[in-house]
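Written below as structure tokens is the structure these notes are about.
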Amino acid sequence: MSINEDTIVVAGKKVPNVIDVESSTTIKHASTGKVYESEDEATSDVNDPATETTESDIKRDVAISVNKLPDIFGGTN
């Protein structure tokens, strides 16, 4: 018999594989500080022959906010 499911067990309790998180991505030109509205806008700037922007000029900052961590300490109230 094989197990086909990835399961995390912490303090004797099964932890769900999905943790509720929020994320936001800011895409910027590293030299000029221009903030792009989308990945497509940044790609268009890189592909535009009228600009000197290269892929290495594009900076992506990702902020991740974990709303609630799984109860790993045994359920204290």
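Pick out, from segment 2-60, the strands (runs of 3 or more DSSP E) lying fully within it that include 2 or more residues that are under 19 Å from the mean Cα position of the chain (by Cα) and at pLDDT 95 or above. Talk me through it step by step, then tell me what you get.
Values: elements: 8-10, 13-15, 21-29.
Strands (runs of 3 or more DSSP E) meeting the threshold: 21-29.
Pairs please, first residue from segment 19-48 and closer than 23 Å to Val66 by Cα, second anywhere and surrounded by 11 or more Cβ atoms within 10 Å (Cβ to Cβ) and of a type outside the set (A, V, I, L, M, F, W, C), Cβ atoms under 8 Å, 6+ apart in sequence or on different chains.
Ile19/Pro70; Thr25/Arg60; Thr26/Arg60; Ile27/Tyr36; Ile27/Glu39; Ile27/Glu41; Ile27/Lys59; Ile27/Arg60
The values are calculated or read from the model by the stated rules, or taken from the named source; none is laboratory data. Remember, it's a predicted structure, so these values are computed and weren't measured experimentally. Here the Cβ is made from the backbone with ideal geometry for all residues, glycine too, and neighbour counts use every protein chain on show.
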